[in-house]
Amino acid sequence: MSTKKSNATQPIRDKKQVHALINYYLHRGQIRNYTLITMGIYTALRIGDLLRLTWGDVYDLNTKRIRKSITITESKTQKSKTIALHENCIIALKRCLHTARPTSRLYPLFENKQSGKAISRVQAYRIIRVASDEVELDVPASCHSLRKTFGYHAWKDGISPAVIMEIYNHSSLSVTRRYLGVSQDDKNEVYLGMAI
């Protein structure tokens with residue numbers, strides 16, 4: 001029997017660890033990085049789509065308010081989707097707004113201060129990996145872990161896999177089931193918790 005671990009990206013299953021990851025950069029005053037992780041978990045966007053966000057997507061420069069939702073066209077599927085922003089995203093964006101001070105709607109949400117452009121995927125990966133190592137997650141986190149974490153916890157909270165499939169724009173329910181990373185512990189919890 002092989003004991004080799006899978007290299008597939010896993011969701012962060014423990015809610016305490018999810019919050020530790022989110023708060024790692026907040027406690028260090030690195031608000032952009034804190035906002036990146038928060039938005040990654042609560043929007044379930046692929047990292048490429050997350051990094052393409054501008055302040056115009058999340059902030060109305062006329063009313064000076066954070067938007068309640070964002071509408072994007074996914075780069076992978078070319079499908080348009082509207083995402084209601086969770087309260088934790090709005091709080092993170094308000095904090096980020098105070099440090100970023102965007103002057104145009106095209107200003108990158110996750111700006112690389114040196115280039116003035118959005119941070120790269122490599123830089124985003126490093127940000128997430130440093131935080132995951134520092135808070136000693138059970139599984140190593142990557143950019144995709146944030147997206148998978150959203151779906152896993154939505155499923156654990158009783159959201160239908162069919163709805164999660166729609167959120168992810170997956171082609172089938174079987175893709176979503178694999179994506180959720182259901183573990184033997186999750187299955188055991190169902191077996192042991194049955195009240196018939």
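The values are calculated or read from the model by the stated rules, or taken from the named source; none is laboratory data. Remember, predicted model here, so these are calculated numbers, not experimental data. When we count neighbours, we look across all protein chains shown, and the Cβ atoms used for this are built from the backbone with ideal geometry, even at glycine.
Among residues that are farther than 21 Å from LEU106 by Cα, modelled with pLDDT under 95 and either under 17 Å from the mean Cα position of the chain (by Cα) or assigned to a loop (DSSP other than H, G, I, E, B) (or both), GLN10 is included. Considering the stretch 99-125, and only residues there that are touching a residue at least 12 places away in the same chain (Cβ under 8 Å) and loosely packed, with under 11 Cβ neighbours inside 10 Å, the residue that is nearest to PRO11 (Cα to Cα) turns out to be LEU106.
Can you find, within the stretch 49-69, the residue that is surrounded by the most Cβ atoms within 10 Å (Cβ to Cβ) among those that are part of a loop (DSSP other than H, G, I, E, B) and aliphatic (A, V, I, L, M)?
Taking the stretch 49-69 as the starting set, the residues that turn out to be part of a loop (DSSP other than H, G, I, E, B) are 52-53, 61-64, 67-68.
Subsequent filtering for residues that are aliphatic (A, V, I, L, M) retains 53, 61.
On the way: LEU53: 19, LEU61: 13.
Selected residue: LEU53.
Among the residues of the stretch 79-90, is any surrounded by 20 or more Cβ atoms within 10 Å (Cβ to Cβ) and either within 15 Å of the chain's Cα centre (by Cα) or part of a loop (DSSP other than H, G, I, E, B) (or both)?
Quick first cut of the stretch 79-90, residues surrounded by 20 or more Cβ atoms within 10 Å (Cβ to Cβ) only: 89.
Within this subset, residues satisfying the condition of being either within 15 Å of the chain's Cα centre (by Cα) or part of a loop (DSSP other than H, G, I, E, B) (or both) are 89.
Yes, that holds for at least one residue.
For the stretch 130-152, a tally of residues being under 10 Å from the mean Cα position of the chain (by Cα) and of a type outside the set (Gly, Ala, Ser) returns 7.
More than 18 Å from ARG105 (Cβ to Cβ), modelled with pLDDT of 95 or more and not in a helix (DSSP H, G or I), is that true of GLY29? Spell out the reasoning first.
Details: more than 18 Å from ARG105 (Cβ to Cβ): yes; modelled with pLDDT of 95 or more: yes; not in a helix (DSSP H, G or I): yes.
It is true that GLY29 is more than 18 Å from ARG105 (Cβ to Cβ), modelled with pLDDT of 95 or more and not in a helix (DSSP H, G or I).
Inside the stretch 133-147, residues that are free of Cβ contacts under 8 Å to residues at least 60 places away in the same chain and within 20 Å of SER120 (Cβ to Cβ) make up a count of 2.
Looking at SER104, SER75, SER80, which is the one that is over 18 Å from THR38 (Cα atoms), touching a Ser or Thr at 6+ places or on another chain (Cβ under 6 Å) and at pLDDT below 95? Of SER104, SER75, SER80, the one residue that is over 18 Å from THR38 (Cα atoms), touching a Ser or Thr at 6+ places or on another chain (Cβ under 6 Å) and at pLDDT below 95 is SER80. Go through the stretch 23-48 and give me each residue that's more than 16 Å from ALA154 (Cβ to Cβ), touching a Ser or Thr at 6+ places or on another chain (Cβ under 8 Å) and surrounded by 18 or more Cβ atoms within 10 Å (Cβ to Cβ). Answer for the stretch 23-48, where residues must be more than 16 Å from ALA154 (Cβ to Cβ), touching a Ser or Thr at 6+ places or on another chain (Cβ under 8 Å) and surrounded by 18 or more Cβ atoms within 10 Å (Cβ to Cβ): ILE31, ARG32, ARG46.
Might you check whether a residue that is under 22 Å from ALA8 (Cβ atoms) and of a type in the set (Asp, Glu) occurs anywhere in the stretch 49-57? Outline the logic, then answer.
Looking only at the stretch 49-57, we keep the residues that are under 22 Å from ALA8 (Cβ atoms), and these are 49-50.
Right, trim to of a type in the set (Asp, Glu) and you get 49.
There is at least one residue in the stretch 49-57 that is under 22 Å from ALA8 (Cβ atoms) and of a type in the set (Asp, Glu).
Every test in (1) farther than 30 Å from ARG178 by Cα; (2) assigned to a helix (DSSP H, G or I); (3) not acidic (Asp, Glu) is passed by ARG105 save one, and that test is (2).
Is it true that ARG13 is out of contact with any helix residue (DSSP H, G or I) (no Cβ under 6 Å at 6 or more places or on another chain), more than 22 Å from TYR179 (Cα to Cα) and crowded, with 17+ Cβ neighbours inside 10 Å? Before you say what the answer is, go through the steps one by one.
Details: out of contact with any helix residue (DSSP H, G or I) (no Cβ under 6 Å at 6 or more places or on another chain): yes; more than 22 Å from TYR179 (Cα to Cα): no; crowded, with 17+ Cβ neighbours inside 10 Å: yes.
Spelling it out, it is not the case that ARG13 is out of contact with any helix residue (DSSP H, G or I) (no Cβ under 6 Å at 6 or more places or on another chain), more than 22 Å from TYR179 (Cα to Cα) and crowded, with 17+ Cβ neighbours inside 10 Å.
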